Every structure is written in structure tokens, then in C-alpha cells.
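The values are calculated or read from the model by the stated rules, or taken from the named source; none is laboratory data. On a predicted model such as this, the values are computed, not experimentally measured, just so you know. Every residue, glycine as well, gets a Cβ built from its backbone with ideal geometry; the counts of neighbours run over all protein chains shown.
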Amino acid sequence: MLDLKRLSLLREVERRGTLHAVARALSYSPSTISQQLGLLEREAGVALLERSGRRVHLTAAGQLLVARSSALLDEFEQLEADLVAASATVTGTVRLAVFQSAALGIVPRALSLLAAEHPQLRVEITQREPESALDEVWARTFDLVIAEEYPAHSAPLRRDLDRTPLGRDALRLAVAPGSEVTSIADAATSAWVMEPRGTASRHWAEQTCRLAGFEPDVRFETADLQAHIRLVETGHAVALLPDLVWAGRAPTVSLITLAGDPHRTLFTAARASTAGRPAIAAVRDVLARSVTATP
């Protein structure tokens, strides 16, 4: 009989590509992963993996096994979640991925609520870019993610992930106090600070500038929004910042509302097979309340 845990390891290999990546994600040694997959091949009676340099690829039989067993593994995960839901106490660990402004503006209050309401629940938080974090929830590195969508930019869609709205967050032009810039068109000759290329926020910011009739002079590139604020405060750059970055404190720069009053949308995503876990439901509940309480 095929072992469910070994089938799960085979699916992880398909998703991550190397035994080292699987071992790192699951906190096992590569030799343990290799040993377990060898046992699975003996159980199946056929070769399931073939190596190409550092990477491993599934054979046709391995691909068939993963395709046919994925639904079974999801059902087993759902069964585990249902058994946990039968308990009246919210316990366990939730691995949460967040982006920086959510970590600053939402998470601290949420952790305080969780400590008061669910003291036996452990939450582990890691900062990740939303685009990659959605894939990592799908791949079971995390249980839950706070993600975002910018205007006219849809976040990656995963069939196995659900979505729960959290709220909307205004996006404004930030300039130094006392600056003569009063609109985005006025910032055409300014130095800009933006997030790295490839992120939804960067693409949206560049498009916003282009629609205003200019190509932004991006002299500073960093994912750290606190660095954005310091560069704007000191007059070295202008930026497009979400309101959430202020985390309930008074802004230290001048904020200018853009035409159309654009907002980004915040949401959480979890695997559909585990979304019913009381621990995940509890974290989502306090996150929603924390967003509502954020000025």
C-alpha cells in the first residue's frame, strides 16, 4: 500500500524541483527525503524520479501518481482540519506570511487580540512579497497570507486557494513637508523612490506616472517602505505610499490625493482544504478587526 506521507513528499518534489528545497521547506535532511522517496518507488514498483544535475524531475509514472493522489491528499488535509474543528479550543500553529505595511499596520494589534482571546494559539510571522507568498501558501510553506491587489492588477489566482477580503487602502503621493509639488504632474522632474521591479506596486506606480505624462526618474529602489518615508521626509525623493504604512500614527510627510482616489485591495488567502481550521478562522477574524480599527 502506498504511504500518504511519502506521496505528499513526491508532490513537494514536483512543486519545488530539488530535494534540498523540499528538505528546507519541511525541516528534514535531504538524505531523509531521498530515503523516503526510495521507499515510495519500491512501494509503487516503478521509477518515479529522474535526476538532471541538482534538479529532479518526475517520470511519467511519477506525474501520474501525483495527479491521481493530489485530490486524496487534499481530502486527508480537509479531514484533519475537520477533526481539529470538532474541538472547542483554538490551538496549534498558524504560519502567516505578510508584506511590510501589513506587518506594521495590522499585525501588532492582531497579535494583542490573539494573545487575549486565544492564548494557546501560536502564530509564526514571516515577511514576504504577496506574489511569492501566495505560491508558498499553495506549496504549504505557509498556512495563511495577507496579500494585496493594486488597481487594474489582479494577484495570481490559484485554484486551491480561497480569498477573504480584508479592506481597502488608499494610495497617495508623498512629498517632503513644505514641498511645492501639489500634484503628480508636478513631480515629473523629481527623483523617485519605488519598490523593486517585478512587484505589482512598482508596475502600478510606473503606470500612474506614465498616465500623468512622464517617465519617473527612479533613483532609489527598495522594498523597505520605511526607507521610502525617510527619503521623502528629507526631500531626496517623492513616492507613492499606502496609508497603512503609517500604522495609526500621524504622517511625517505631505500626502496628496491622486485623481480617482486609487486604493489597493487587501485580502487573506488560505488553502481551501484547511480554511475551516479554527486556528485559521481565528487569525482571520482578528486580522479583519485589526484592519477595521486602523485609523
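So in the stretch 231-284, with the set limited to residues that are assigned to a strand (DSSP E or B) and of a type in the set (Lys, Arg), which one is farthest from Thr89 (Cα to Cα)? Out of the qualifying residues, it is Arg264. The set of residues in the stretch 93-110 being surrounded by 18 or more Cβ atoms within 10 Å (Cβ to Cβ) and assigned to a strand (DSSP E or B) consists of Val94, Leu96, Ala97, Val98.
Per the listing Val253, Val218, the residue uniquely in contact with a Phe, Trp or Tyr (Cβ under 7 Å, 6 or more places away or on another chain) and either crowded, with 17+ Cβ neighbours inside 10 Å or at pLDDT 95 or above (or both) is Val218.
Exactly one residue out of Leu7, Leu40, Leu73 is surrounded by 19 or more Cβ atoms within 10 Å (Cβ to Cβ), at pLDDT below 80 and part of a helix (DSSP H, G or I): that is Leu7. Among the residues of this structure, Leu48 counts as one that is touching a Gly at 6+ places or on another chain (Cβ under 6 Å) and either among the hydrophobic types (A, V, I, L, M, F, W, C) or crowded, with 19+ Cβ neighbours inside 10 Å (or both). When the residues of the stretch 118-177 are filtered to those that are part of a strand (DSSP E or B) and without any contact (Cβ under 8 Å) to a residue 60 or more places away in the chain, the one that is nearest to Ala281 (Cα to Cα) is Arg122.
Is it the case that some residue within the stretch 161-182 is farther than 17 Å from Leu211 by Cα, among the hydrophobic types (A, V, I, L, M, F, W, C) and exposed (fewer than 15 other Cβ atoms within 10 Å of the Cβ)? Looking for residues that are farther than 17 Å from Leu211 by Cα, among the hydrophobic types (A, V, I, L, M, F, W, C) and exposed (fewer than 15 other Cβ atoms within 10 Å of the Cβ), one finds none in the stretch 161-182, hence no. When you scan the stretch 228-254, how many residues do you find that are of a type outside the set (A, V, I, L, M), out of contact with any Ser or Thr (no Cβ under 6 Å at 6 or more places or on another chain) and over 16 Å from Leu171 (Cα atoms)? The qualifying residues number 5.
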